[in-house]
Amino acid sequence: MSAQLHWDKVYATKAPNEVSWFRPHLETSLAFIGRSAGDCSASIIDVGGGESTLVDDLLSRGYSNLSVLDISSTAIEVTKTRLGSLASRVQWLVADVTQEKFPANAVDVWHDRAVFHFLTTQSQRNAYVRNAAKTVKRGGHVIVGAFGPEGPVKCSGLDVQRYDEGSLHGEFGSRFRLIDSMKELHQTPFGTTQQFLYCFCAVE
Ligand SMILES: C[S@@+](CC[C@H](N)C(=O)[O-])C[C@H]1O[C@@H](n2cnc3c(N)ncnc32)[C@H](O)[C@@H]1O
């Protein structure tokens, strides 16, 4: 099954709070974005945003230059419906982050929670990093949250790659200067925990 079909099926059959990655608010992501976005006009893309409430929370904080990309049109439609008229303030992209032709130097903040760890081949990861390097402006920031060394080995029935600070930053390379990293124990809606590892980088 293609990745697009897989994710459309997940989102067509589960409510937003019935998936392991759900949390009501992405507090860690919001804190990193707060540290990276100069002001509310900063251009922010949420890569693999799914049905998360990050875009709602960024809009309510006044951010005005937001894009959400996801491979699943079902997830994008659910999020647009939830936002109602506010959805028109966001640019929506249904695309595979490894295949999309991103515009150069267009983004101040690249955010990804729980997407990069699904890229299990080096060529997928290289394509992702090439896209981030192309589209994030010099002086911009990249926030990536992936499963940590003690995180799950599978998610949503798919194999994942787990990372520590060195291996996650290592995928991005020296143009991405590591500013900070942190581990987080995510409480799933099912009462279990998942270890995440976040890297926060500046693009030089
Ligand atoms: C585990 S969910 C995380 C969703 C959201 N970031 C969050 O934290 O709630 C992974 C998301 O990545 C999307 N995704 C998976 N592979 C992708 C790809 N190659 N390109 C774009 N989106 C992808 C899925 O559709 C899904 O919405």
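Only one of these is farther than 22 Å from residue 201 by Cα, of a type in the set (Ser, Thr, Tyr), modelled with pLDDT of 95 or more and surrounded by 15 or more Cβ atoms within 10 Å (Cβ to Cβ): 53, 13. Name it.
53
Out of the range 103-134, which residues are within 25 Å of residue 40 (Cβ to Cβ), open to solvent by less than 20 Å² (accessible area, probe 1.4 Å) and of a type in the set (Gly, Ala, Ser)?
Result: 132, single match.
Yes or no, residue by residue, for (1) within 13 Å of the ligand (Cβ to nearest atom); (2) surrounded by fewer than 19 Cβ atoms within 10 Å (Cβ to Cβ); (3) over 16 Å from the mean Cα position of the chain (by Cα):
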position	(1), (2), (3)
20	yes, yes, no
29	yes, no, no
36	no, no, no
39	no, yes, yes
42	no, no, yes
64	no, yes, yes
69	yes, no, no
78	yes, yes, yes
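Go through the residues of the range 93-102 one by one and say whether even a single one is more than 15 Å from the ligand (Cβ to nearest atom), over 19 Å from residue 8 (Cα atoms) and of a type in the set (Phe, Trp, Tyr).
Scanning the range 93-102 turns up no residue that is more than 15 Å from the ligand (Cβ to nearest atom), over 19 Å from residue 8 (Cα atoms) and of a type in the set (Phe, Trp, Tyr).
Quick test of your reading of the structure: residue 120 fulfils all but one of (1) assigned to a helix (DSSP H, G or I); (2) within 13 Å of the ligand (Cβ to nearest atom); (3) of a type in the set (Val, Ile, Thr). Name the failing condition by number.
Among (1) assigned to a helix (DSSP H, G or I); (2) within 13 Å of the ligand (Cβ to nearest atom); (3) of a type in the set (Val, Ile, Thr), the lone unmet condition for residue 120 is (1).
How about the range 44-54: which of its residues are near the ligand (Cβ under 10 Å from one of its atoms) and not polar (S, T, N, Q)?
46, 47, 48, 49, 50, 51, 54
Search the range 127-141 for residues that are farther than 17 Å from residue 39 by Cβ and pair each with any residue that is open to solvent by 50 Å² or more (accessible area, probe 1.4 Å) and within 14 Å of the ligand (Cβ to nearest atom) when their beta-carbon atoms are under 8 Å apart and the residues are at least 6 apart or on different chains.
127/99; 131/100
Those residues that are open to solvent by 50 Å² or more (accessible area, probe 1.4 Å) and in a loop (DSSP other than H, G, I, E, B), I need them from the range 142-186; list them, please.
Passing the criteria: 149, 150, 153, 157, 161, 162, 164, 174, 175.
The values are calculated or read from the model by the stated rules, or taken from the named source; none is laboratory data. Since the structure is predicted, the reported quantities are computational estimates derived from the model, not experimental observations. Don't worry about glycine lacking a Cβ; one is built from the backbone with ideal geometry, like all the others, and counts go over all protein chains shown. Accessible surface is based on the protein model in full, side chains and every heavy atom, while ligands, DNA and RNA are left aside. Shrake-Rupley method; radii C 1.70, N 1.55, O 1.52, S 1.80 Å.
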